[in-house]
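Worksheet: one structure, shown below.
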Amino acid sequence: MQTFYVSSYGKNDNKGIYIVNFNENTEEFSLVQHIITKDYPLYMIIKNNILYIAYKNASRSNTGGGLGSFSIYKDELIINNNYNSNGRSYTHLCISDNSRYLFAANYHVGATASYLLENYYIKEKISAVHHTGLGPDLLKRQTGPHCHYVGITPDKEFVYAVDLGADKIIMYTYQNGKLEEASNYNLNIVPGSGPRHMIFSHDGQFAYLVNEISNNVMVFKYRDKYFTLIQVIHTTPHHFHGFSSASAIRLSSSGKHLFVSNRGHDSIVLYRINQETGKLTLLYMVHTGKNPRDFNIINDKYLIVGAQDDNEIELLTFNEEKEELIRTASTLTIPAPICIAIK
């Protein structure tokens, strides 16, 4: 039995965190518990049996938003604390290796912030840096900076912030948790791309950046603190001319395959990764429910997809050896699923 966690943008008391069990023998989902939250829970990560969560302010006044920390005990979530950020809404977060610092991306004001952790409690804000810049997107997603993702480089040299509005990756040193921009190492992305999330290969040699607006994945060689672009590959078919925006990106634990979700085309894209060059080969796409904003992988055998506009999670099976990704009929109703976190 595998337990995972789904954040929901459901209306009123339907929003919150849903705890779900997945039975691999029957390939069925079962709802364990629904925890109602005051604000909209967005991105979640799990580290050292602690679930950390970013909140979007649900109030019309500046009284909500922020971050939360929960301890995982069996099938329960026990709250450590919520850190109110006076209306600031965070979209993504990451934790330092020593679990001393939490870094958060603020999409709405275009900023990266750092927080001090003590015994898994979010104690205080250390620093916040506001981004600058804009892009040419006609749908108004680039009228200013919009930080959408934060991570830590494999060499532990930098916190990196992916800014969708400004078309750039901003690099920060983070000694004692304080963010200081290392502008010499920043990465400018092709204007209008709308970079959303960036992850690294398991050996740290390659970075994979998914672009929400241009609907492609950029592959970079990462060496001596610098990025070199080596490939650009589309996430939607060439014959598709409808609106779509690329969303989540994840690697299999083997590091042999990469997945991306498309909202609009409503699909999961499967790529093979060349283990020597890091480059991608498109295998095929599997259709999903409407607006697959996020998904996650269980044991390199299953993909759990959150179809936000269909108000459900759904199951895809994955045979890595045969490179088969198959949509099943197994679903579970959850209002507006946003993020799926698995231990």
Mean separation of Cα contacts under 8 Å (6+ apart) over length of the chain, as relative contact order %
11 percent
Proximal lysine pairs, the range 194-343, alpha carbons under 20 Å, eight or more residues apart or interchain
9
With the Cα gyration tensor of the range 46-119 giving a ≥ b ≥ c as the square roots of its eigenvalues, does the rule (a/c under 1.5 for rounded; else a/b larger than b/c for prolate; else oblate) give rounded, prolate or oblate?
oblate
Sort Asp203, Asp294 from largest to smallest accessible area, using a 1.4 Å probe on the heavy atoms of the protein chains.
Asp203, Asp294
Estimated vicinal HN-Hα couplings, Hz - the range 122-135 in sequence order (Karplus 6.51, -1.76, 1.60; Gly, Pro = x)
7, 8, 7, 7, 9, 7, 8, 10, 8, 7, 10, x, 7, x
Could you tell me the number of lysine pairs in the range 1-73 with C-alpha atoms less than 18 Å from each other, where the two lysines are 8 or more residues apart or belong to different chains?
5
Return a whole-number percent for the relative contact order of the range 252-294, with Cα pairs under 8 Å and 6 or more residues apart as the contact set.
38 percent
Asp224: accessible area at probe 1.4 Å, nearest 10 Å²?
120 Å²
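Want the number for His234 to Glu180: 0.36 nm per residue separation, take away the alpha-carbon distance, what's left?
Extending this stretch completely gives an extra 16.1 nm.
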Just to confirm, what accessible area per residue do you get for the range 19-135 at 1.4 Å probe, in whole Å²?
46 Å²
Simple spin-label model, 7 Å along Cα-to-Cβ: Leu283 to Thr63 in nm?
5.0 nm
Once the in-chain neighbours fewer than 8 apart are removed, the aspartates and glutamates whose Cα is under 18 Å from Lys156 read Asp97, Glu180, Glu181, Asp203, Asp224
Calculate, for the range 146-227, the solvent-accessible area per residue in square angstrom, rolling a 1.4 angstrom probe over the heavy atoms of the protein chains.
36 Å²
So what does His287 come to for accessible area, using a 1.4 Å probe and Å² rounded to 10?
100 Å²
Calculate the length of the line joining the C-alpha centroid of the range 36-54 to that of the range 229-292, in whole Å.
26 Å
Leaving out ligands, DNA and RNA but keeping every protein chain, what accessible area does Asp309 have, in Å² rounded to the nearest 10, with a 1.4 Å probe?
90 Å²
Suppose each label sits 7 Å from its Cα in the direction of the beta carbon; what would the Ile342-Glu27 distance come out to in nanometres?
1.5 nm
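Taking all protein chains as present, what is the carbon and sulfur share of the accessible area of the chain, in % to the nearest whole number, probe 1.4 Å?
The value for the chain is 45 percent carbon and sulfur by accessible area.
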At the level of C-alpha centres, the distance separating the range 149-213 and the range 1-33, in angstrom, is 31 Å
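The values are calculated or read from the model by the stated rules, or taken from the named source; none is laboratory data. Just so we're clear, the structure is a prediction, and the values are computed from it rather than from any experiment. Every residue, glycine as well, gets a Cβ built from its backbone with ideal geometry; the counts of neighbours run over all protein chains shown. Accessible surface areas use protein heavy atoms only, side chains included; no ligands, DNA or RNA. Shrake-Rupley method; radii C 1.70, N 1.55, O 1.52, S 1.80 Å.
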